[in-house]
Every structure is written in C-alpha cells, then in structure tokens.
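A.B. asks: I'd like to ask some things about the structure below.
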Amino acid sequence: MNKTIVLFDMDGTLTEPRQSFERSLRPALIKLADCAEIGIVSGSDYEYIREQMDLILNRSHIRYKTHLLPCNGTKHYTPPKNNRSDYELIYNKNMKDEIGFDNYNHLIINLLQRQVRFSHILPVLTGEFIQYRGSMVNWCPIGRGAGSSERKSFVDLDTSYSPSLREQESLSLSTDKSLTDLKLQFKIGGDTSFDIFPQGWDKTHSLKHFLNYDVWFVGDRCHDGGNDKELYDLLKPEGRAFETKNPDSTLEIIEKEILPHLEVKRKQ
C-alpha cells in the first residue's frame, strides 16, 4: 500500500496572508498526522514558512511528520528525526543556473521598469520589491515590508479593476516578447505579489519528492493564473485536490473530505 501525504498551500490556506498559523486548525492536523504525512508547499521561502508556521513546526509533535517545500517544492526540507535535530535541506534548484546569469539580469531589469510604472498608481510603497529566492523571483509591487493596512490598500486597488491589476500584469509578462526565450512562468502569488520561475517549476514539482505516495492537495489559488492551479488540476480528477477560501474552509475540507477517507484506509 502506498504511503499518503497531504500537501497544503500556506498563505490563504493554513494562514491568513503573511500571518501566523491559524490555531483552530491544530487539532485537525494532529488527527491528520496520525493517518498521513503532511507537506507545506508554498511560493514562500523557508524562513517565511518557519516564521508563520512556528506553532506546529517548533512546538508540536506534528513537526516529525511535516515536510517543508518552499518555492513550489523546488526546495525540500525533511522532517526532524528527534527533538535534537532540525529540518534538513535535501533538494535545492537554482534559477540563475537554469536560465543563465545574463537572462536573469534581463528579467530583473524588466521588472524594475515595470515597478516604476506600477509605482505611479500605488497608494503607498514600502521596501524590498524584488526578492530572489534561489529557485524563483518574487515581485511585490507594494513591497514586502508592507503592513496589514498597507497590504489591504493594495488589495482594494488591485481588485477594483476587472481584470485585476495583477491579472493584467501577469498577462503582460507572459506575452512580453523580450522574455519569451527565457521560458518562464508568471504566477499571481498571495495577495500582493507575483512568483516568477522556469517553466515546470510550479507546484507540481513537489510531486518529484513523493513518487510512491498517494498525494492530496489543498490550496486557495486554483484559478487561472493562480500558483496552485497546476497541482490542483493534476490531482482533481482523482478526487484528491480541493480549493479552499481561507483557514476556516481548510478545516472543513480536512474534517469532511480528507480525514474520513484516510481513516478508512488506515483500518484496511
């Protein structure tokens, strides 16, 4: 019988965007860890996952069953083996090596030019607009230093357009002839940013680490342009992928859709 792992997106799924883990999910994840392994597959890098998920990664036995899969699973940290060990990085892709240093510089210059144009219509700017994460680039027009109220002002502006500003910009990036040869994917990530990475390095990349597993997935950005779409579309026909709206919705999915199936499988 195959092993089982349940993969979760983080922002909007296990947490509110850029907030700490939603405590109400803890009992359900404890039950889940009795039936399966758990994976957190996020566009965010390792430090953000550790920061937001501290409650279960440092202060719960769930940590011994939880894989961390930053940057769409292009990095893989295996669970600690005991209370004296920590997560171990065993897999790591590099975007600069994949597309070449000159192409990487061309991409960054393109994004900086777009940032200048974007800045004229934004209500506020903070800092760290472009972040290199090793296997992807995250572009956040308002800046990753934005607080909750500043993030909300950006979301309100973004969604006041139809299609949204980020949907328009994502389309512009994907059709930019100067970027076509770089073979990149451009995804809307979280509430305020874009994830940019080589083709094929979307969240389906995480499946490379679990070839002999039955894989389940829960994410909130499963629509066109969202960074959960490819993994969701791949597993949905098998009935093992679910789109959530927020952590409360995730709790309902775990309790009503996933746990009943896994508990039956465990008894077989």
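The values are calculated or read from the model by the stated rules, or taken from the named source; none is laboratory data. Not measured: the values here are computed from a predicted model. Cβ sites come from the backbone with ideal geometry, for glycine too, and all protein chains shown count toward neighbours.
A.B. asks: Any chance region 126-149 includes a residue that's in a helix (DSSP H, G or I), buried (at least 17 other Cβ atoms within 10 Å of the Cβ), of a type in the set (Lys, Arg) and in contact with a strand residue (DSSP E or B) (Cβ under 9 Å, 6 or more places away or on another chain)? Please lay out each step first, then the result.
C.D. replies: Narrowing region 126-149 to residues in a helix (DSSP H, G or I): 148-149.
So of that shortlist, the ones also buried (at least 17 other Cβ atoms within 10 Å of the Cβ) come out as none.
For region 126-149, residues in a helix (DSSP H, G or I), buried (at least 17 other Cβ atoms within 10 Å of the Cβ), of a type in the set (Lys, Arg) and in contact with a strand residue (DSSP E or B) (Cβ under 9 Å, 6 or more places away or on another chain): absent.
A.B. asks: Working only within region 215-268, note down all residues that are in contact with a Ser or Thr (Cβ under 7 Å, 6 or more places away or on another chain) and among the hydroxyl-bearing types (Ser, Thr, Tyr).
C.D. replies: Correct list: Thr244, Thr250.
A.B. asks: Being outside any loop (DSSP other than H, G, I, E, B) and surrounded by 14 or more Cβ atoms within 10 Å (Cβ to Cβ) is the filter here; which residues of region 158-168 pass it?
C.D. replies: First, pick out the residues of region 158-168 that are outside any loop (DSSP other than H, G, I, E, B): 158-159, 165-168.
Selection gives Asp158, Thr159, Leu165, Arg166, Glu167.
One line per residue, one yes/no per condition, for (1) in a loop (DSSP other than H, G, I, E, B); (2) surrounded by 14 or more Cβ atoms within 10 Å (Cβ to Cβ); (3) among the polar types (S, T, N, Q); (4) touching a Cys at 6+ places or on another chain (Cβ under 7 Å):
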residue: Ser170; (1), (2), (3), (4): no, yes, yes, no
residue: Asp181; (1), (2), (3), (4): no, no, no, no
residue: Leu234; (1), (2), (3), (4): no, yes, no, no
residue: Pro237; (1), (2), (3), (4): no, no, no, no
residue: Leu251; (1), (2), (3), (4): no, yes, no, no
residue: Lys256; (1), (2), (3), (4): no, no, no, no
residue: Arg266; (1), (2), (3), (4): no, no, no, yes
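A.B. asks: Going by what's in this entry, would Ser193 be described as surrounded by 20 or more Cβ atoms within 10 Å (Cβ to Cβ), assigned by TED's automatic domain parsing to the domain that holds Phe8 and closer than 21 Å to Asp11 by Cβ?
C.D. replies: On the way: surrounded by 20 or more Cβ atoms within 10 Å (Cβ to Cβ): yes; assigned by TED's automatic domain parsing to the domain that holds Phe8: no; closer than 21 Å to Asp11 by Cβ: yes.
Criteria not met by Ser193.
A.B. asks: Next question, about the same structure. If His67 satisfies all but one of (1) in contact with a strand residue (DSSP E or B) (Cβ under 9 Å, 6 or more places away or on another chain); (2) farther than 27 Å from His209 by Cβ; (3) not in a loop (DSSP other than H, G, I, E, B), what's the number of the condition it fails?
C.D. replies: Tallying (1) in contact with a strand residue (DSSP E or B) (Cβ under 9 Å, 6 or more places away or on another chain); (2) farther than 27 Å from His209 by Cβ; (3) not in a loop (DSSP other than H, G, I, E, B), His67 fails exactly one: (2).
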